[in-house]
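Below: one structure, written as structure tokens.
The values are calculated or read from the model by the stated rules, or taken from the named source; none is laboratory data. Given the structure is predicted, the values throughout are model-derived calculations rather than measurements. Ideal geometry is used to build each Cβ from the backbone, glycine not excepted, and the neighbour counts take in all protein chains shown.
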Amino acid sequence: MSRRPYLLFSSVGDNYDRAVDSWNPGAWPRHSRRFDIALVYYGDNAGRFAALAARADRIYWSKGSKFQNLLRHLDAVAALAYRYVWVVDDDIALSPARIEKLFKITDDYGLAASQPAFSFRGQVCHPVTGLGGRWSLLRYTNFVEVTCPVLSRRSLEQLVEVIQPHMDLLTCWGIDILLTHHVWGPDAPFAVIDAVPVRNPYGREKRGGRRECERMDDIDALRDRWLAVRERLRPNRPPAAVQLAQFATVQRWPFSVWTHRGTACPS
């Protein structure tokens, strides 16, 4: 078992190379990383699998979305043995140094879940997840997007318990809503990390011109499957969508680190 405290987990296909190459470039010494890399390849090309294996500490081969594959290989990956796990789409590029920074800030502030802020040069689906002010270190929110959440061990345990019975229907839609509904709270803060921005590519930039979840099903089908899961979860049914809110902002240098307590701002 690795003694590294953090894990990067992704389900990787054939349509985007830049992200995986950025997580573990050949010039970065493996022994200097404080995070392990575990990948699941969901394509059909043995050569691609071998290339990905060279970038990973552990690799598996199975179909499915990233959370489906994380649950399928949960014990083999030993995901619940890490302090934090970054469950990231295979098109989110970030250097090892920036990944380390993302984990460190999340750990230092004792966050239950976080995500890197999305640059407005790419896709931003929810305004609260877009990049904040120039001197913002992080912004406390009640939501992190399913694209690339960093989850504490406890948060992952809670989420797994909720979603595992429904992974026949859940792919991407709804998992972030369940995370807010079942995990977020006063003792389990969430934040968007402005100090570590990433660019979320548009679907048209990928080979085939679509995001992976849209290749599995069209938008209407994804929404219908999520709503079916909501019905299964009675009597503790979550809302159909989160009322997004932003709370305090932690500022950074040159102001030093201080917290501005703002009121909740529904988006």
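One residue stands out in region 227-267 among those that are surrounded by fewer than 12 Cβ atoms within 10 Å (Cβ to Cβ) and of a type in the set (D, E, K, R): the one that is modelled with the lowest pLDDT, namely ARG261.
Looking across region 105-129 at every residue that is more than 20 Å from ILE175 (Cβ to Cβ) and surrounded by 15 or more Cβ atoms within 10 Å (Cβ to Cβ), the one that is modelled with the lowest pLDDT is identified as GLY122.
The condition (being exposed (fewer than 14 other Cβ atoms within 10 Å of the Cβ), over 27 Å from GLN164 (Cβ atoms) and either touching a His at 6+ places or on another chain (Cβ under 6 Å) or not aliphatic (A, V, I, L, M) (or both)) is satisfied by just one residue among SER32, SER62, SER22: SER32. None of ARG58, ARG33, ARG98, ARG83 is at negative phi and modelled with pLDDT under 95 except ARG33.
Filtered by the rule that a residue be more than 23 Å from LYS101 (Cα to Cα) and not aliphatic (A, V, I, L, M), region 141-177 gives GLU157, GLN158, GLU161, GLN164, PRO165, HIS166, ASP168, THR171, CYS172, TRP173, GLY174. Using the structure shown, decide if LEU151 is assigned to a helix (DSSP H, G or I) and under 14 Å from the mean Cα position of the chain (by Cα). In short, no. One residue stands out in region 218-246 among those that are in contact with a Pro (Cβ under 8 Å, 6 or more places away or on another chain) and part of a loop (DSSP other than H, G, I, E, B): the one that is farthest from TRP173 (Cα to Cα), namely ALA245.
When residues in region 53-68 are screened for being part of a helix (DSSP H, G or I), closer than 24 Å to PRO25 by Cβ and in contact with a Ser or Thr (Cβ under 8 Å, 6 or more places away or on another chain), 1 of them pass. All conditions in (1) surrounded by 15 or more Cβ atoms within 10 Å (Cβ to Cβ); (2) under 17 Å from the mean Cα position of the chain (by Cα) hold for LEU52, with the sole exception of (2). Can you tell me which condition ASP14 does not meet? The list is (1) under 19 Å from ARG98 (Cα atoms); (2) part of a loop (DSSP other than H, G, I, E, B), and all the others hold. Only one criterion in (1) under 19 Å from ARG98 (Cα atoms); (2) part of a loop (DSSP other than H, G, I, E, B) is unmet by ASP14, namely (1).
All of ALA113, ALA117, ALA78 fail the test of being touching a residue at least 40 places away in the same chain (Cβ under 8 Å) and touching an Asp or Glu at 6+ places or on another chain (Cβ under 8 Å), apart from ALA117. Within region 84-98, the presence of a residue that is of a type in the set (S, T, N, Q), surrounded by 16 or more Cβ atoms within 10 Å (Cβ to Cβ) and either within 17 Å of the chain's Cα centre (by Cα) or assigned to a strand (DSSP E or B) (or both) is excluded.
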